[in-house]
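Accompanying notes for the structure given below.
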Amino acid sequence: MSKTLFDKVWDSHVVRKIEDGPDVFFIDRHFIHEVTSPVAFLGLKERGVKVLYPERTFATADHNTPTINQHLPVQDALSANQLKALEDNATEYGISHWGLGHQKNGIVHVVGPENGITLPGATIVCGDSHTSTHGAFGAIAFGIGTSEVEMVLSTQCIMQPKPKKMRINVNGQLSKGVGPKDVALYIIAQLTTSGGTGYFVEYAGDVFENMTMEGRMTVCNLSIEMGARGGMIAPDQTTFDFLEGRLYAPKGEAWTKAVEYWKTLKTDPDAVFDAELNINAADIEPMITYGTNPGMGIGISKHIPSADQVEGGEETYKKSLAYMGFHEDDVMIGKPIDYVFLGSCTNGRIEDFRAFAEIVKGRKKADNVTAWLVPGSHVVEAQIKEEGILDILTEAGFVLRQPGCSACLAMNDDKVPAGKYAVSTSNRNFEGRQGPGSRTLLASPIMAAAAAVTGKLTDPRELF
Amino acid sequence: MAYDKFNILTSSAVPLPIENVDTDQIIPARFLKATKREGFGDNLFRDWRYNGDDTPKADFVLNNPTYSGKILVGGKNFGSGSSREHAAWAVYDYGFRAVVSSFFADIFKGNCLNIGVLPVQVSPEFAETIFKAIEADPKTELEINLPNQTITLLATGQQESFAINGYKKNNMINGFDDIDYLQNIKGDIQAFADKLPY
């Protein structure tokens, strides 16, 4: 029977099917961080059970970590306590741990691929919804809750009903200034934040085939923002080239054998999806969000839609615009902004810093803007320095911070004050996401760069 | 962690007719720093419920004594966003045992089922009927019958059935969890793992 890429990977990991119930689903790789794992370890202790396969779990500290002075003790006592709990649990159960200050430390969804832990055909979970990122490699990867973290630690399995399948095809030529983030925000605006719920997505078409691994990760990362559990892209030569030689990637004969297998991981020509969406690449322009969920995005040159043009309740829509301090029919270009955040598991990779630097090169940061530039990992940080990007940023008046999740969810000190506008390359513009009362405008790295140097929302295409 | 068994729940309900309620609203990230599962109910809907100076916002439904009960009725696409199970814990710890909506986000729904909060998905029309009934009489009672998979407005008898898979239903009625199940088939799991490429 013809199978999709998703079917092939899913079906090969089902330990058993429960009648009128979920599948017992085997997990190859498990990432943990300090926020969603402590209670899972408590559960293990209460039950008196061990971690079944400690070598399949990888711990890194990211959500809570400060992005300056990482060599000093963490000031926030609660954060310090969580970081210590992660370290203690990892030590007790024999799990590899890349804590604060470790050269391999960084955002879990950046360091996993960077070290070849993420592989095609693998099943990957983490107590974090942006685990969907790893689908860029042709893995099935999705976020889980803490009860499930405990399940994976103790049995390497979770219990999941198999999701339905959706394929999103984007074909044609992307316009200049339009990148992976814009493609993703455009898709989410089409589907809304719930349009993908119940589905696992495969991204297909020449736009994704021509994308770098960093770009594919940005797209797959945002799958959850349309409600989908995850998204994946068939592995190809771009995938193999990225992975070859990385720390945990197979070596020698095992590599050759693995690539042979990975080449079979594609959707059969006559396989059927439960839903399919076709998008013309040329229709996408640089995107910006104007509301309080990632589905509320428009092209930068557009006006904010009126309530009668959008799906869903008028009351919720008006509440959202009121929170943002925006009005129906407002023009986005020219709106003043206060903060710029470049970073996160969505856009904290080297390519994102290259794109940002391309725009700010030879320009200066606007005086009214506070900018937080946060690499996704120490590896990214090192590359920024090696490639001379740091010099460009410094010359333009920017400061590079240390790796972590930072202002994406504002668990550390990087909080946008109430009422202030932040152009952010992260993934969520929910109320208060970047600090109580903060107002987030999601965008690509070049849109963020254009805002950072002009102090207002600017069409980045004007700055090339 | 053990949770209350769920059979038939009869209670008044608290209405929250807002769409796309995300888990950052249910529990903001800055309250996720605990290493134990304690006190999350205090911060349920923190920023909608309290001002910056921690005084209650009078216009938020949880601060309105007119509404109470063990059932929360939310707008469409309830629980979107972050996978934080803390959101489900906050709902449970506050005292809710069921959430009713015309549409749930996937991860939140799964988290609820794992910790003893029953997500009851109804048609948009029935959700509207419930909101109107509560508006007319805040003390009106709903009956959620898990064995029969029905939700009923007791005053009028209006009823709808809801879906839940047999395995999860049995778990909730008996207070079982998935880990008990998985522990019992560990041998099968290990045999399976031995055959995988990585």
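Bear in mind that the values in this text are calculations on the coordinates, not laboratory data. Since we're looking at a predicted model, the values are computed, not measured. For neighbour counting, all protein chains shown are included, and Cβ atoms are generated from backbone atoms with ideal geometry for every residue, glycine included.
Hydrophobic, long helices, defined as DSSP H runs whose alpha-carbon span along the helix axis is 15 Å or greater and whose mean Kyte-Doolittle value is at least -1.0, occur in chain B at B:124-136.
Label separation (B:Asn145 vs B:Tyr198): 5.3 nm, computed from points 7 Å beyond Cα along the C-beta direction. Loop-located trypsin sites (Lys or Arg not before Pro) in region B:89-198 (DSSP state other than H, G, I, E, B) with a sparse environment of at most 11 neighbouring Cβ atoms within 10 Å: B:Lys195. Where in region A:415-459 does the amide nitrogen come within less than 14 Å of the point 7 Å from the Cα of A:Thr212, taken along Cα to Cβ? Flagged as within label range: A:445-446.
Think of it as helices only: each DSSP H run of n ≥ 4 in the protein assembly as shown is worth -39500 (n - 2.57), and spread over all residues that comes to -9000 deg cm²/dmol at 222 nm. Packing, taken as the mean count of other beta carbons within 10 Å per residue, orders the peptides A:179-188, B:117-126, A:127-136, B:62-71 from highest to lowest as A:127-136, A:179-188, B:117-126, B:62-71.
Rounded, prolate or oblate for the protein assembly as shown? Axes are the square roots of the Cα gyration tensor eigenvalues, ordered a ≥ b ≥ c, and the cut-off for rounded is a/c under 1.5. It comes out rounded by the Cα gyration axes.
Within a straight-line Cα-Cα reach of under 19 Å, A:Lys3 can be paired with the following aspartates and glutamates, leaving aside sequence neighbours fewer than 8 residues apart in one chain: A:Asp11, A:Asp23, A:Glu202, A:Asp236, A:Glu260, A:Asp268, A:Asp270, A:Asp274, A:Glu276. Does anything in region A:353-391 have its amide N under 17 Å from the 7 Å Cα→Cβ label point of A:Val399, and if so which residues? Output list for this probe position: A:365-375, A:390-391. Extension gain for B:Ser68 to B:Ala163 (0.36 nm times residue separation, less C-alpha to C-alpha distance): 31.6 nm. Inter-chain Cβ neighbour count for A:136-145, averaged per residue, equals 3 (cutoff 10 Å, partner chain atoms only). Each Lys and Arg Cβ is given +1 and each Asp and Glu Cβ -1; about its Cα centre, chain B then shows a dipole of about 320 debye. Listed by chain and number, the lysines whose C-alpha is less than 22 Å from the C-alpha of A:Lys104, apart from same-chain residues fewer than 8 away, are A:Lys84, A:Lys251, A:Lys385. Based on Cα contacts under 8 Å between residues 6+ apart, region A:186-318 shows a relative contact order of 28 percent. Post the alpha-carbon centroid distance, region A:5-59 to region A:318-392, in whole angstrom. For region A:5-59 versus region A:318-392, the Cα centre distance is 36 Å. When the Cα gyration tensor is reduced to axis lengths a ≥ b ≥ c, the ratio a/c is 1.5 or higher for region A:111-253, and with a/b not above b/c it is classed as oblate. Which whole-number percentage describes the relative contact order of region B:70-136, with Cα contacts under 8 Å and a sequence gap of 6 or more? It comes to 36 percent, rounded to a whole number. Which of rounded, prolate or oblate describes region B:1-115 when judged by the alpha-carbon gyration tensor and an a/c cut-off of 1.5? Because its axes are fairly even, with a/c under 1.5, region B:1-115 counts as rounded. Working from Cα pairs under 8 Å separated by at least six residues, relative contact order for region B:1-134 is 30 percent.
The magnitude of the dipole of region A:290-369, with charges of +1 and -1 set on the Cβ of Lys/Arg and Asp/Glu and taken from the Cα centre, is near 580 debye.
Of the listed pairs A:Lys181/A:Lys266; A:Lys17/B:Lys109; B:Lys5/B:Lys70; A:Lys181/A:Lys456, which have alpha-carbon separations greater than 22 Å here?
A:Lys181/A:Lys266
Amide H contacts of B:Ser82: B:Thr23, B:Asp24, each under 5 Å away and 5 or more positions distant or on a separate chain (H built 1.01 Å from N in the peptide plane; Pro and chain starts excluded). Residues of region A:397-426 falling in the label zone of B:Asp53, defined by backbone nitrogen less than 14 Å from a point 7 Å along Cα to beta-carbon, are absent. The aspartates and glutamates whose alpha-carbon is closer than 20 Å to the alpha-carbon of B:Lys132, local same-chain residues fewer than 8 away aside, are A:Glu314, A:Glu315, B:Glu19, B:Asp59, B:Glu141, B:Glu143, B:Glu160.
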